[in-house]
Amino acid sequence: MKLDLRLPIGLLFSIFGAILVVYGFMSPAENYRQSLGINVNLYWGVVLCAFGGVMLTFALRARSKAP
Amino acid sequence: MILITYFSFVIGIGAALKRGMKSSNDFFMSGRNIPAWIAGLAFLSANLGAQEVMGMAASGAKYGMMTSHFYWVGAVPAMVFVGVFMMPFYYGSKARSVPEYLKLRYDEKTRTFNAFSFATMTVFSSGISMYAMAKLLNLLLGWNFDVSLWASAAIVLAYIFLGGLTSAIYNEVMQFFLIVLGFAPLVFLGLRDVGGWSGLVSRLDLVATQSHNLAGQPYAAGAWVSAWNHMGTPGGNPMGVESFGMVMGLGFVLSFGYWCTDFLVVQRAMVAENEQAARKVPLIAAVPKMLFPFLVILPGMIAIALTFKAGQTGFSLPVKGNAYDYDMTIPLMLKHYFPTGILGLGLTALMASFMSGMAGNVTAFNTVWTYDIYQSHIAKNKSDAHYLWMGRMATVFGTVLSILTAYMAVHFNNIMDMLQLVFAFVNAPLFATFLLGMFWKRTTGHGAFFGLLSGTFAAAMHHGFTVPIGAESLFKGGWIGPVLHTYPSEMAQNFWTAIWSWTTCFAVTILISLLTKRIKSDEDLRGLVYSLTERHSEGHLPWYKRPVYLGALILIAVTLLNIAFL
């Protein structure tokens, strides 16, 4: 019955991260003038993916330990 | 796109949890099996409504680094106290709500008084938060006010209706991560733009020397970047408060009153899986709480620094009347620094914070309504399924009431101001009642009840006879008659109202308790009063798992932070 909360958190942030990374690659450089020339979509997308990935890893590991 | 993904997750969690909701205990108390880290983050997140995020950024702009007092003085010590000293009673007494604890410790009338004032307050605060959200979405994105109001209410309703408190708690944890990860890049970009911390300091010195207090004198150069240095006199700092009023009013009365007795947050700790975990909940929450100023206050400080050099930065806060419209700080900063893409993430974080505040109120409301009003006064001894049904109905009912409140806020802003004032009066003395109840077994039900009433009365009186400088409406004070004292700021007046109210409640409760007969025997009070509760030995635990040591560590850390930003 119990839902491991790390699973939805991991999924959500991985998806957010993926969206941002893709968007970061596609959008032109002048979009980033307001963010001081840094492609924040790309970089922060990577951070979000990493966070989501860590959460997912923990959740899946816990799941495989206790079937 | 990000927004839609988020909303489908939110509802999905509710749906996934629905299968586990078999009894009222599952619905209201999450079956008491929430792990400590989840409950801890929810404890923090329930308090982290949007008013908090946007309000603290606004204060950051208005008062600078002193805003950190709301965290390092006005929250962390109280959180440690509730974890170390108070949770054993709340958890051990098996009370299902804070009013129910009052019933067990005192009597029915004290409980009913608290239950009614609390239930009304939750509905109003969730209504006001919905109103603020709909207005913001309208202003920022041009969304229709009614649509945003009803849609957001529907989403919150859906996930609570399905999954009860567990669903609200799970979503709060998710909202916590969203808020942190959504605002962190804003702080990074902002700090980089102003030239790091040292750049910010030098720009804020400019802000301080170019602003002036109500007496017309400019502030000392460091007034926006130090938390304590300018608190010797109220006129020396932008908040207009002196250290004693700050420490006693905010640090003691208001903050302990909120963190120790407000069911909205305490509920999150009460559902932890065991007493050990319940005591750790507020301690776990205290750690991120300690670091939150950097996330929410810094953007405000950066915003005001940029505004004073508007010609070069292109950013400035809008002007409202003869002051800046500080409340727009966070939304405008998001728009200024975030390009499309990550802007979606920032806005989602903002909406998440609105919804977590709203959901917290709704879950606290349905519990108090069902257990403390419905079960104890309207329909006793019904089946559990009946109360579960009632809880779901109360959720719908509470949400509808909040929507009505939101519309009321549109048309009668003054009424809202007045109601918030009344709640402030009712809440201020509450901590005295709990403190005496938990540590002095002689305190009686009559003492508690009349102590609370007189504390509320004292707050109203104090507010009625004093005004802050420059008050224009009677809502700010002085509505009774001659003004006996003028405070240098509204904040100072609030703090002193709380101090008066608390002291009166404390004194009257003791007096009446001594005059009335004690009804509850030692046996009745076992588990409710400190001296009559046997304490579980924690000697077998390693030190880092013992609440007392953890609490002490947190206090040391927060002291160091205060010294660092002296």
Surface accessible to a 1.4 Å probe, B:F161 within the full protein complex, Å²: 70 Å²
For the range B:255-265, Karplus couplings with θ = phi - 60° (6.51, -1.76, 1.60), whole Hz, Gly/Pro x: 6, 5, x, 6, 6, 8, 10, 7, 4, 3, 8
Coordinate range along principal axes, alpha carbons of the range B:272-388, Å, largest first: 69, 36, 32
Residue-by-residue Karplus 3J(HN,Hα) for the range B:70-78, coefficients 6.51, -1.76, 1.60, Hz, glycine and proline x: 5, 9, 7, 10, x, 9, 4, x, 5
Mean Cβ neighbour count within 10 Å, used as a protection proxy, ranking B:234-244, B:449-459 highest first: B:449-459, B:234-244
Solvent-accessible ranking of B:Y219, B:Y407, largest area first, probe 1.4 Å: B:Y407, B:Y219
Accessible area (Å², 1.4 Å probe, nearest 10) - B:H377: 90 Å²
For the range A:6-65, fraction of C-alpha pairs farther apart than 14 Å, in %: 57 percent
Burial order of peptide ranges B:267-275, B:386-394 (average beta-carbon count within 10 Å, highest first): B:267-275, B:386-394
Full-stretch length increase - B:A564, B:R442 - with 0.36 nm per residue and alpha-carbon distance subtracted: 39.6 nm
By accessible area with a 1.4 Å probe, ligands and nucleic acids excluded, highest first: order of B:S521, B:S93, B:S501: B:S521, B:S93, B:S501
Under 20 Å from B:K94, Cα to Cα: aspartates and glutamates that are on another chain or at least 8 residues apart: B:D26, B:D107, B:E108, B:D262, B:E273, B:E275, B:D372, B:D384, B:D522, B:E523, B:D524, B:E534
Greater than 22 Å apart at Cα, pairs in B:K103/B:K441; B:K289/B:K335; B:K380/B:K517; B:K109/B:K380; B:K103/B:K289: B:K289/B:K335; B:K380/B:K517; B:K103/B:K289
Nearest-ten-degree value, helix A:6-26 long axis tilted from longest Cα axis of chain A: 20 degrees
Linear extension gain, B:A385 paired with B:E523, 0.36 nm per residue minus alpha-carbon span: 46.5 nm
Per-residue [θ]222 nm for chain B (sum of -39500 (n - 2.57) over DSSP H runs n ≥ 4, rounded to 500): -22000 deg cm²/dmol
Cβ neighbours within 10 Å from other chains - mean over B:333-342: 6
Whole-Hz couplings from phi, Karplus 6.51/-1.76/1.60, listed for the range B:145-162; x for Gly and Pro: 4, 5, 4, 5, 4, 5, 5, 5, 4, 5, 5, 4, 4, 4, 6, 6, 4, 6
For B:S211, residues with placed amide H under 5 Å, excluding near neighbours: B:Y219
Solvent-accessible surface (1.4 angstrom probe) belonging to B:M248, in square angstrom, nearest 10: 60 Å²
nm² value of the averaged projected area, convex hull over the Cα atoms of the protein assembly as shown: 28.5 nm²
Distance between modelled label sites at B:A154 and B:K135, nm, 7 Å Cα→Cβ extension: 2.4 nm
For A:8-18, mean number of other protein chain Cβ atoms within 10 Å: 5
Chain B: Cα Rg divided by the 2.2 N^0.38 Å rule of thumb: 0.95
Order of exposure, largest accessible area first, which applies to A:L12, A:L36 with probe 1.4 Å: A:L36, A:L12
Acute angle (nearest 10 degrees) that the helix A:40-65 long axis makes with the longest principal axis of chain A, alpha-carbon atoms: 10 degrees
Simple Cβ-charge dipole of the protein assembly as shown, Lys/Arg +1 and Asp/Glu -1, about Cα centre, in debye nearest 20: 1360 debye
Residues whose placed amide H lies under 5 Å from that of B:Y487, excluding near-sequence neighbours: B:V467, B:I469
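The values are calculated or read from the model by the stated rules, or taken from the named source; none is laboratory data. A quick note: this is a predicted structure, and the numbers were derived from the prediction, not measured. Cβ atoms come from the backbone with ideal geometry, glycine included; neighbour counts cover every protein chain shown. Please note that ligands, DNA and RNA were not included when accessible areas were found on the heavy atoms of the full protein model with its side chains. Shrake-Rupley method; radii C 1.70, N 1.55, O 1.52, S 1.80 Å.
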